[in-house]
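The values are calculated or read from the model by the stated rules, or taken from the named source; none is laboratory data. Keep in mind that this is a model prediction, so the values were computed, not measured. Cβ atoms come from the backbone with ideal geometry, glycine included; neighbour counts cover every protein chain shown.
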Amino acid sequence: MPRITFIEPDGTVRLVDAEPHESAMQAAKRNGVDGIIGECGGSCICATCHCHVDEAWLDRVGPAGDIEADLLEFEAADVRPESRLACQIQITEALDGLVLHVAGRSR
């Protein structure tokens, strides 16, 4: 079972066991990670699961797609090159150990 490290906005580190093929948002919500709200349920329309992918994981996670990038640009605060929506990161065994920094709240 892949494990994700979420670093919450206040610096709290949360280790979460994720199911393969669920999204990072689903794993975070199931485990009560602070700052991952997921108001849209993973439909890529709200940006309330905005996170920053740790630099060591950028290549494996990959960049945001066009729709996700547009949503981040218009709806999220503190957008950076490593910004992603947790609902769009599908967990696989290759992402075991992934580190995500939960971003501040959306606008």
*When the range 71-107 is examined, which residues are found to be touching a Gly at 6+ places or on another chain (Cβ under 7 Å) and part of a loop (DSSP other than H, G, I, E, B)?*
Ala77, Asp78
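Please determine whether any residue of the range 59-67 is closer than 12 Å to His101 by Cα, of a type in the set (Lys, Arg), at pLDDT 95 or above and touching a helix residue (DSSP H, G or I) at 6+ places or on another chain (Cβ under 7 Å).
No, the conditions are met nowhere in the range 59-67.
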_Can you tell me which condition Ala77 does not meet? The list is (1) in contact with an Asp or Glu (Cβ under 7 Å, 6 or more places away or on another chain); (2) farther than 18 Å from Gly42 by Cβ; (3) not acidic (Asp, Glu), and all the others hold._
(1)
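Of everything in the range 13-38 that's under 17 Å from Glu93 (Cα atoms), within 13 Å of the chain's Cα centre (by Cα) and not polar (S, T, N, Q), which residue is surrounded by the fewest Cβ atoms within 10 Å (Cβ to Cβ)?
Among those that are under 17 Å from Glu93 (Cα atoms), within 13 Å of the chain's Cα centre (by Cα) and not polar (S, T, N, Q), it is Glu22.
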_In the range 39-89, residue surrounded by the most Cβ atoms within 10 Å (Cβ to Cβ) [restricted to those that are out of contact with any Ser or Thr (no Cβ under 6 Å at 6 or more places or on another chain) and at positive phi]_ = Cys44
*What's the number of the condition Cys87 fails, among (1) free of Cβ contacts under 8 Å to residues at least 24 places away in the same chain; (2) within 18 Å of Ile37 (Cα to Cα)?*
(1)
*Could you list all residues from the range 4-34 that are in contact with a strand residue (DSSP E or B) (Cβ under 6 Å, 6 or more places away or on another chain) and at pLDDT below 95?*
Pro9
*Tell me the strands (runs of 3 or more DSSP E) entirely within the range 1-70 that contain at least 2 residues that are aliphatic (A, V, I, L, M).*
3-7, 13-17
